[in-house]
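Shown next, in structure tokens, is the structure this report addresses.
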Amino acid sequence: MFGSRLKGAGRRGRTIAVAGGVALALTLSGCAAGQGGGGQGGGGEQQGNRPDIPAVATLPVPANAANPAGDGSAQCAPTTTLAYAGALTGSNAQLGVNIVNGVQLAIDQHNKANPGCQVQLKRFDTEGTPDKAPGIVTQVASEQPIIGVIGLPFSGESKATGGIFEQAGLVHLTPSATNPALTKNGWTTFFRALANDNVQGPAAAKFMAGKLGAKKVCVIQDDSDYGVGLAAATNQALQATGIDASCQDKVTTGQKDFSAVVSKVVSAQPQAVFYSGYYAEGAPLDQQLSNRGFTGVFLGPDGVKDDQFVQLAGDASNNAFFTCPCTRVS
């Protein structure tokens, strides 16, 4: 087990590696509210109300992890450009901002070590929506200096644009789109940098049955391709555990009032709620559940696993754990 601190709102976080495939693992993170709050980028670390949770400053890096700097001998044309296409604004923008910051860091490390190959990064904002993404990707594909794309982060927009990339012959690598069906479209230019929901769903079910010892759970899904696909994978895995998952409900993107869903959950009295969606709806859902007296665990996937969830849910995030296909183990 290893721990990490969620930065934002002075709250502590926990990360637990669990088996989730041959070489990939799912990490389960839980966050507990700190005492006294505090904003992002504030003073010293706040001590949370979970003294049993260790905190570490760094996470282990595999010995064979890719090094963006390489050996320093790279050569390329001065126009060489990579693009990021994905959410930079919109309700779940922080998920995209985190990704593009990581891309920029890797490029900076590469450029510093390779004077003969200075790669540029161009950013394109899709707002994370399947409606806007096709137009943006068409623009990306028309720009000749772009040799590859990091994106798109979300499954819905990836589904809507994969054909455009394929027609243009432009390689694109999604850092976070996990719907299993995306690799069944015959696209030769589509690559995924993480496990899909056929790994994440069973790992979530295993965690609820094993670590939580849950006998009954409620599965709540949003209306995105991501949420629908992950909920299906999780429900299928829950059947094999013997957990009662008859409590099911749906929410919509942009929904703010979850009173009907909350009433259903409170009436069912589950030990856990698995929310299959993004933090913009997950945070107020968790908050409204807590306000109605729900004392079980709120389990969210990688679409919820962000500091913004902690900030938006406030003290309600004391009950939250997250799954994400984001840790690689040997």
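The values are calculated or read from the model by the stated rules, or taken from the named source; none is laboratory data. Everything numeric here is computed off the predicted structure, so don't read it as measured data. Here the Cβ is made from the backbone with ideal geometry for all residues, glycine too, and neighbour counts use every protein chain on show. In case anyone asks, the SASA skips ligands and DNA or RNA and just uses the protein heavy atoms, side chains included. Shrake-Rupley method; radii C 1.70, N 1.55, O 1.52, S 1.80 Å.
Okay, here's what the table says:
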read-out: Accessible area per residue, Å², the range 199-299 with all protein chains present, probe 1.4 Å; value: 40
read-out: Signed unit charges on C-beta, dipole axis of the range 211-330, positive-most listed residue Val310, Ala320, Pro284; value: Ala320
read-out: Environment charge of Val149, counting only residues whose C-beta is closer than 15 Å and scoring Lys/Arg +1, Asp/Glu -1; value: -1
read-out: Per residue value of the accessible surface for the range 105-144 (all protein chains in place, 1.4 Å probe), Å²; value: 56
read-out: Net lengthening on full extension, Leu173/Lys256 (0.36 nm per residue, minus Cα-Cα); value: 26.7 nm
read-out: Stretch gain in nm, segment Lys264-Lys132, where the contour uses 0.36 nm per residue and the Cα spacing is subtracted; value: 44.1 nm
read-out: Surface/4 estimate of mean projected area, convex hull on alpha-carbon atoms of the range 208-299, nm²; value: 5.2
read-out: Charged-residue dipole, Cβ positions (Lys, Arg, Asp, Glu), the range 253-330 about Cα centre, Debye nearest 20; value: 200
read-out: Lysines with Cα under 16 Å of Lys216, excluding same-chain neighbours fewer than 8 positions away; value: Lys206, Lys264
read-out: Evaluated over the range 128-210, the Cα radius of gyration and Dmax, each in Å; value: 14.2, 51
read-out: Peptides 278-284, 163-169 ordered by average Cβ neighbours within 10 Å, highest first; value: 278-284, 163-169
read-out: Portion, in percent, of the accessible area of the range 149-282 that falls on carbon or sulfur, probe 1.4 Å; value: 51
